[in-house]
């Protein structure tokens, strides 16, 4: 990847972070930490890797994206809007009555959202179903699904992990946002999920581990995943919850709290100064 | 009376649908021999997915297939389909408004020997409460076959409750199932008995006996529990002035509740619900269990007679 392209993605990521913070502040509720941790992953997918066309939302050859950790909806909405799926003004109606942007992603309301998510643990099963249908139809499209780390405590994730390996679903790539925190605290303290890589390997997956804030590593891993045949791939992306705003980083408190006016001003200033 | 298997009717209909439409996909959770989806699996191995003993993942995968334009039929026993995977059906299927068909076998207590753990007596309630979900309980194998062809054409989530045991045939080949419409299978003026599933047969038996006692019973097969046929319920209340409901399900939340919801707001008349009281099933042979839980024709007869005593006399003549 050219340095100029990386710089372009970094600039987009910064703008997306700002939009997320403003949206959440205006909504007065929502998930700050887990939205900020997935920004580079979403930007890499939607602005570089995925084939998609905001002017023809349902074109058949598009790649599909499923946000299994649906509480990161603000990040997805900010990205979709910037891609051109809908007007940026809509971002600031997030979570309000009559808004196209529901608290968690809902395909009935938001163009670019493939399936509704929000109840954790269900996205990988749906992504498998989408991938199987695409394979039956001999479509070249790929399916990307983004999971949370706390989310893999849900048993259904492992049912789906078995299915993807059993049916050799290699047009699917899962990405795990391993930010280490969940609502009640550190994942390792609430319900340990390690050894994460070994678990997925044991379930028959190709496992790639990367820094989930490094565009070169994300894009390399996505390219590698595409070349792996006969089994599904998961990219374990090590991330920082609240990434980009020093006083949100690794703070469990900001899992489900929106920035207030003072925090927003400070956060925007910090993002601009970097 | 000739009996036939609803499960085999389902298996045959799926196979025929599979031949007609390559978008038909079938999923099962390790019970394909029992649900008869194996018939489809044998002819269309590429369009059949055995998901193992993992109902939640089966429903989610079906939702993904539907989101990509396929018409998935997902099958297992009724309790596992609607109980284990309820929230997956809510979030990934109903909330999403996706075109997934959930067709379960082993509804009700006639599961028999396996006992209460395997007897779905709550499934109609669990599915009926979900927005956008259609709920159908066929009364015999002929209706089951019709239902399967109909829902393949219908766009939206559907739950169909089948049975482990064979049901006596109610219909002949001329029958035409309509989603959302109850069917009058016997006319009568004194009382209406609205039944579903196996209880339709028991109700017909009861109606014959009631006639011998000078009571004329209108019998309705309410195979679509949702959307329920309000017009037919209200019309029946107006004609007969009293209604008995009969189902192989809890009296809470099922057909009886659905009928009462319509009547209480639109045309209140005395009602008696026949079904399983607030308790779980137990092991036993199906026939023994039907008697034990008071789901036999004689139980319907007794309920009808008692209800007629409650019926305001003046209502009897309104027709």
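Any read-out appearing in this document is the output of simple, stated calculations on the displayed coordinates, not a laboratory observation. Only a predicted model underlies this, so the values are computations on that prediction, with no experimental measurement involved. Positions of Cβ are generated from backbone atoms using ideal geometry, with glycine treated the same way; all protein chains shown enter the neighbour counts.
Fewest to most neighbouring Cβ within 10 Å: what's the order for B:158, A:187, A:66, A:207?
Sorted ascending by nearby Cβ count, the order is A:207, A:187, B:158, A:66.
Kirkwood-based Rg over Rh for region A:3-273 (C-alpha set), two decimals?
0.94
Calculate I(q)/I(0) for chain B by the Debye formula, one identical point scatterer on each C-alpha and no solvent, and give its log10 at q = 0.08 Å⁻¹ to two decimals.
Here the Debye-derived log intensity ratios amount to -0.34.
Which value, in Å³ per residue, describes the convex hull spanned by the Cα atoms of region B:213-264?
91 Å³
Specify the inter-centroid distance of region A:134-202 and region B:31-101, based on alpha-carbon positions, in whole Å.
The two parts, judged by their Cα centres, are 20 Å apart.
Shape call for region A:108-174 from the C-alpha gyration tensor, a ≥ b ≥ c root eigenvalues: rounded (a/c under 1.5), prolate (a/b greater than b/c) or oblate?
Here region A:108-174 falls in the oblate category.
To check my understanding: the extent here is largest minus smallest coordinate of the Cα atoms along each principal axis. What are those three numbers for region B:183-309, in Å, largest first?
Over region B:183-309, Cα extents along the principal axes are 41, 33, 25 Å.
How are the alpha carbon pair distances in the protein assembly as shown distributed across 10 Å bins from zero to the largest one, expressed in percent?
3, 17, 24, 20, 15, 12, 7, 2, 0, 0
Zone of residue A:8 (label point 7 Å along Cα→Cβ, backbone N under 18 Å): which residues in region A:212-255?
A:215-220, A:223
For a footprinting-style exposure proxy, rank B:14, B:263 by other Cβ within 10 Å, fewest first.
B:263, B:14
Which value in nm describes the separation of the simple spin-label points at residue B:261 and residue B:3, placed 7 Å from the Cα toward the beta carbon?
Taking the simple label geometry, residue B:261 and residue B:3 are separated by 3.3 nm.
What full-extension length gain, to one decimal in nm, is calculated for residue A:194 and residue A:87 as 0.36 nm per residue of separation minus the Cα-Cα distance?
34.4 nm
Can you pull the Kirkwood radius for region B:3-168, inverse mean 1/r over Cα pairs, to one decimal in Å?
Details: mean 1/r = 0.0659 Å⁻¹.
The Cα-based Kirkwood calculation yields 15.2 Å.
Would you list B:296, B:199, B:222 from fewest to most Cβ contacts within 10 Å? Show your work: numbers first, answer last.
Details: B:296 18, B:199 31, B:222 27.
Arranged by neighbour count, lowest to highest, B:296, B:199, B:222 become B:296, B:222, B:199.
Do the sum for chain B: with -39,500 (n - 2.57) for every DSSP H run of n ≥ 4, divided by all residues, what is the mean residue ellipticity at 222 nm, to the nearest 500 deg cm²/dmol?
-10500 deg cm²/dmol
Quote the FRET efficiency, to the nearest 0.05, computed for residue B:212 versus residue B:181 with a Förster distance R0 of 30 Å and r equal to the Cβ-Cβ distance.
The calculated FRET efficiency here is 0.50.
May I ask what percent, to the nearest 5, of DSSP beta bridges between residues of region B:65-220 are antiparallel?
Numbers: 2 of 17 bridges.
So the antiparallel bridges amount to about 10 percent of the total.
Quick one: angle between helix B:297-310 and the longest Cα principal axis of chain B, in degrees between 0 and 90, rounded to 10, please.
50 degrees
Give me a single rounded figure for A:112-125: the average over its residues of other chain Cβ atoms within 10 Å of their Cβ.
5
How large is Rg over Rh for region A:138-194, taking Rg from the Cα atoms and Rh as the Kirkwood inverse mean of 1/r across Cα pairs?
With Rg and the Kirkwood Rh in hand, the quotient comes to 1.07.
Taking the Cβ-Cβ separation of residue B:280 and residue B:305 as r and a Förster radius of 45 Å, what is the calculated FRET efficiency to the nearest 0.05?
Once the sixth-power term is evaluated, E becomes 0.95.
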